[in-house]
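See below for the structure under consideration.
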Amino acid sequence: MTFFSEISLPEGVSLPPGMLFDAFQKEVFAQIVKDFQLDEKESHTPFNVWMAHTIRVNPDRIHASFYRLDLGEKTVSNALKIEDPSIRSTMLAEQSIQRATLKVLTRFNYALKNRLNSIKN
């Protein structure tokens, strides 16, 4: 998957101990591929370009993907109201990446917490 911008962590958030940024970024990309169910060809298309195309030709797929990603309904609705298709798709792609970033952070932090709890016991 190619993205038009780098992944950035939310302000005040750091990577889990021992995790390198490259590994984290790969996990976020994998989350996007999984939640949007991208095939091999689609995963080599720039994400915002794929998003713009899919919004036009298969809006049900996009909505199902946003649901799997757990991207808020209000966020999606507000973005879809934007008239300029390139701005709309770029905004949705960026918000999807941000949400995938949070999902990956949550998963790693939860796993770390469980690991620390099992060491205590």
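The values are calculated or read from the model by the stated rules, or taken from the named source; none is laboratory data. Fair warning: this is a prediction, and the values are worked out from it, not measured in the lab. Reconstructed Cβ throughout: ideal geometry from the backbone, glycine too, with neighbour counts over all protein chains shown.
Quick look at the values:
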{"read-out": "Where a residue in the stretch 50-61 is within 15 Å of SER96 (Cβ to Cβ) and its partner, wherever it lies, is β-branched (Val, Ile, Thr) and surrounded by 14 or more Cβ atoms within 10 Å (Cβ to Cβ), with Cβ under 7 Å and at least six apart", "value": "THR54/ILE62; ILE55/ILE62; ARG61/THR54"}
{"read-out": "Residue selected from the stretch 83-121 under the condition under 16 Å from the mean Cα position of the chain (by Cα) and of a type in the set (Ser, Thr, Tyr), by the criterion modelled with the lowest pLDDT", "value": "THR106"}
{"read-out": "All positions within the stretch 17-60 that are over 16 Å from the mean Cα position of the chain (by Cα), surrounded by 14 or more Cβ atoms within 10 Å (Cβ to Cβ) and outside any helix (DSSP H, G or I)", "value": "MET19"}
{"read-out": "Residue ID - farthest from GLY18 (Cα to Cα), chosen from residues in the stretch 61-82 that are more than 12 Å from the chain's Cα centre (by Cα) and of a type in the set (A, V, I, L, M, F, W, C)", "value": "ILE82"}
